[in-house]
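Taking it in order: structure first as structure tokens, then the write-up.
The values are calculated or read from the model by the stated rules, or taken from the named source; none is laboratory data. Please read all numbers here as calculations on a predicted model, not as lab measurements. Quick reminder, even Gly has a Cβ in these numbers, built from the backbone with ideal geometry, and neighbours come from all protein chains shown.
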Amino acid sequence: MSGRDNARATTPPDRNALKIKKPKSVAAGIPAAKSTMLHGISRMGITKTIKTLTTVNQPDGFDCPGCAWPDPEHSTMFEFCENGAKAVADEATNKRVTPSFFANHSVQNLAEKSDYWLNKQGRLTHPMVLNPGSNNYQEISWNDAFDLIASNIKQSASPDHSIFYTSGRTSNEAAFLYQLFARTLGTNNMPDCSNMCHESSGRGLGETIGIGKGTVSLDDFNHADVIVVIGQNPGTNHPRMLTALRDAKRQGAKIIHVNPLPETGLVRFKHPQDYMKMSLGSEPLADIHLQIKIGGDAALMHGLMKVQLELDALDHEFIKNSTQGFDSVKEAVISTQWSQIEIDTGLTRFQIETAGRMMAKSNSTIACWAMGLTQHKNGVSVIQEVSNLILMGGHIGKKGAGLCPVRGHSNVQGDRTVGIWERPSEAFLSRLDAACGIESPREHGVDVVEAIQQMRDGGADLFFCMGGNFISATPDTEATAEGLRNVKLTVQVSTKLNRSHLVTGETALILPCLGRTEMDIQESGKQFVTVENSMGIVHTSEGSLRPASTHLRSEVWIVSSLATAALSDTRDWMELSHNYDQIRDLMSSALAGFEDYNVRVATPNGFALPNPPRDSRTFDTPDGKAHFIEHALPDVSVPDGNYVMMTIRSHDQYNTTIYDLHDRYRGVHGNRRIVLMNATDMIERGWKSRHIVDIVSHYEGENRRSDGWQLVAYDIPRGNIATYFPEANVLVPLNSTAEKSNTPTSKWIVCSLLEPGQGNFEEE
């Protein structure tokens, strides 16, 4: 065993000074513009900052590597948000991580650095290998790297001993080749980031409306009467959505915000570009904030449906002709007592009825949601309750109405569409096999949680990670680390240094790839790739910056080279990488909805994939109808003295990437190891802000402990607390997952808060 096996998997203690300020009352505006420019200039310099920011999300530019919010048809010169601009700046940074950097920093040394520090070091420049017994990465040639991977695959007892993970930044072309390679090899082991976020949405909507996607377009926001935003913080995680909400407000829409935390982005919003028009005021967004207790969303849906039933705000014709199961849901809702709803939600009947009456008057309602719904034990069922509410009023398949799961990764929806899924349908596989001349395996592969379990049990020889930061994105950090260390070879395709490079298998590879901002030059010339946004629009992305290193390769080239080295089939994989049009031609035959791909994607603003509920109010279910699905309310009680914890992002954060140490909107600065806690709960314990506590999570007789957290008094329901991830991921039990989707329950963790060193909570 080498010393690196003891390298820290969790984030190190945060010893920076904590500064607490008053939460902001207005999102964006001049502070956002200032933060954007300072971040960009510090990473890229002023010339590159201007060039990149005027190219991002433009018709002939590159797609933002941040969130998947769609672009408007009539774009302005500046189609980016604060965090999108920071994602671009981080990718286009002038700093470099070279072989000499790794020579000077051992894995153990790097593991003691913060995630913020790791990200700041810059772009990876060379393929690197960490050999058995070594504590330092060394340079390796691309050919030797692929030979190493191919040897591992060929020596493995089964294709199912290889696991191929995908992040949501991978292009459609690279993701399609990646899944084609895996299935040609003989496995469906393709976990992806969807398993940890909107898997619950996909499973829930697939059963109710026959498609695991949303049913709205961006233009629908301009025609909505009511928009319900549930379990989502768009001001930080999807800032461009605030523009759509502002425009909807100007058209007369009402906005209902459902969240345990008041989020500045839904209080007041100031578009930075308004200053150019001499418009100095900010605009209120949410008309109602329902400050719900964590886990109370299902009860809230029952309450809102009770109001619709009482006011007869139903689309009777639609229910009769296009749905089934309404009567059972109606009876379940009627039998739910208001007293139970009030207990579970922490809201009053008056508050819920006020929101319900607003919805009852609406002819067109959109329901939006994110991780605040999906990462619960009842993640699938609560989304089906949202669907029940929308179907009840017939708010689907018409202008200004529908269901809108908001994706966080830039192409997470596209990756799933082109085949990145461990549970592919027979229809998908049959068409893929016919078009590509392969025989795909039919046995389901492993998702993220199952992959960790397989690795921990010694059943994996190869873990190949196409982007992302697996160790920091996943639950139960120590269990994940144990799994990764059991693997013979771990491979990370990356642009930047992250913690997943430091917790490795027996041998580890880092393969540096081009970023979204960079030119991709192949044998036939400059290439573009395609992505799919949250609303099912497929469009092009073409980088314009010079690559950070001559040693970088595109993800498409990497997959093609991997397949060439590892497979003995007759396909000329490298030929596909010479001109991406050839990949898109293959996708045209293999994927439903992608016919004439090269022609259609060249049209301005791309094209919309088929969406029967949206396009024709039809449903691809066994009986051709939308389904109301009845669910009992979950038990959201916890033992006395315990709290329910949810993990959240700070404002200067994108997924696991930490841009800075500030959460400007919430008034928390300088330190990330904090607990947002209700002030009355703190007084009862005799605690004040900055008091140090240890957190112990409890699940089925197991306990996980994380020490040294500072309390911050905050506006959050009593009995609830919030912490940042990835720091708190160590407390999320691996086996605590949503029913059906197996999504980790990162928004529902039962915890104790203890004085430092108090208690003996070893795993029972």
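Quick notes on this one:
- From the list LEU245, LEU218, the one residue that fits, being modelled with pLDDT under 95, closer than 27 Å to THR621 by Cα and in contact with a helix residue (DSSP H, G or I) (Cβ under 8 Å, 6 or more places away or on another chain), is LEU218.
- Considering residues of region 316-336 that are among the polar types (S, T, N, Q) and touching a strand residue (DSSP E or B) at 6+ places or on another chain (Cβ under 7 Å) only, the residue surrounded by the most Cβ atoms within 10 Å (Cβ to Cβ): THR323
- When the helices (runs of 4 or more DSSP H) confined to region 59-139 are screened for residues that are closer than 30 Å to LYS526 by Cα, those reaching at least 3 such residues are found at 82-91.
- Residue within region 634-643 that is in a strand (DSSP E or B) and closer than 28 Å to SER114 by Cβ present: yes
- Residues of region 472-497 that are under 17 Å from MET128 (Cβ atoms) and of a type outside the set (A, V, I, L, M): THR490, GLN492, SER494, THR495, LYS496.
- Annotation note: of ILE153, ILE140, ILE163, the sole residue that is touching a Pro at 6+ places or on another chain (Cβ under 9 Å) and under 30 Å from ILE383 (Cβ atoms) is ILE163.
- Cβ pairs under 9 Å, 6+ apart, first in region 526-554 and of a type in the set (Phe, Trp, Tyr), second assigned to a loop (DSSP other than H, G, I, E, B): PHE528/PHE62; PHE528/GLU542; PHE528/GLY543
- Residue in region 676-686 that is within 30 Å of THR495 (Cα to Cα), touching a residue at least 40 places away in the same chain (Cβ under 8 Å), out of contact with any Asp or Glu (no Cβ under 8 Å at 6 or more places or on another chain) and not in a loop (DSSP other than H, G, I, E, B) present: no
- Residue among ASN579, ASN598, ASN605 that is modelled with pLDDT of 95 or more, more than 30 Å from ILE510 (Cα to Cα) and out of contact with any Cys (no Cβ under 7 Å at 6 or more places or on another chain): ASN598
- Scanning region 614-644 for residues that are surrounded by fewer than 19 Cβ atoms within 10 Å (Cβ to Cβ), in contact with a strand residue (DSSP E or B) (Cβ under 8 Å, 6 or more places away or on another chain) and among the β-branched types (Val, Ile, Thr) turns up THR621, VAL638.
- Listed by position, the helices (runs of 4 or more DSSP H) contained in region 306-413 that have at least 1 residues being farther than 24 Å from MET241 by Cβ and at pLDDT 95 or above are 316-322, 326-335, 338-345, 349-360, 379-392.
The rows are residues; the columns are (1) touching a helix residue (DSSP H, G or I) at 6+ places or on another chain (Cβ under 8 Å); (2) under 21 Å from PRO726 (Cα atoms).
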site	(1), (2)
ASP433	no, no
PRO441	yes, no
ASP447	yes, yes
ILE452	yes, yes
MET455	yes, yes
LEU462	yes, no
GLY467	yes, yes
ILE471	yes, yes
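- Scanning region 168-182 for residues that are crowded, with 24+ Cβ neighbours inside 10 Å and in contact with a helix residue (DSSP H, G or I) (Cβ under 7 Å, 6 or more places away or on another chain) yields GLY168, THR170, SER171, ASN172, GLU173, ALA174, ALA175, PHE176, LEU177, TYR178, LEU180.
- Subset of region 399-430 that is of a type in the set (Lys, Arg) and in contact with a Ser or Thr (Cβ under 8 Å, 6 or more places away or on another chain) - its residue that is surrounded by the fewest Cβ atoms within 10 Å (Cβ to Cβ): LYS399
- Extreme residue, surrounded by the fewest Cβ atoms within 10 Å (Cβ to Cβ), among residues of region 446-465 that are more than 19 Å from the chain's Cα centre (by Cα) and of a type in the set (Gly, Ala, Ser): GLY458
- Breaking point among (1) part of a helix (DSSP H, G or I); (2) farther than 21 Å from CYS67 by Cα; (3) not aliphatic (A, V, I, L, M), for TYR665: (2)
- Among the residues making up region 221-264, those that are in a strand (DSSP E or B) and within 25 Å of the chain's Cα centre (by Cα) are ILE227, VAL228, VAL229, ILE230, ILE255, ILE256, HIS257, VAL258.
- Scanning region 479-511 for residues that are touching a His at 6+ places or on another chain (Cβ under 9 Å) and either within 20 Å of HIS409 (Cβ to Cβ) or not assigned by TED's automatic domain parsing to the domain that holds HIS578 (or both) yields GLN492, SER494.
- Any chance SER577 is farther than 22 Å from THR517 by Cβ, hydroxyl-bearing (Ser, Thr, Tyr) and assigned by TED's automatic domain parsing to the domain that holds TYR178: no
- Which numbered condition ASN109 misses (of (1) in contact (Cβ under 8 Å) with a residue 24 or more places away in the chain; (2) surrounded by fewer than 23 Cβ atoms within 10 Å (Cβ to Cβ); (3) closer than 24 Å to ARG4 by Cβ): (1)
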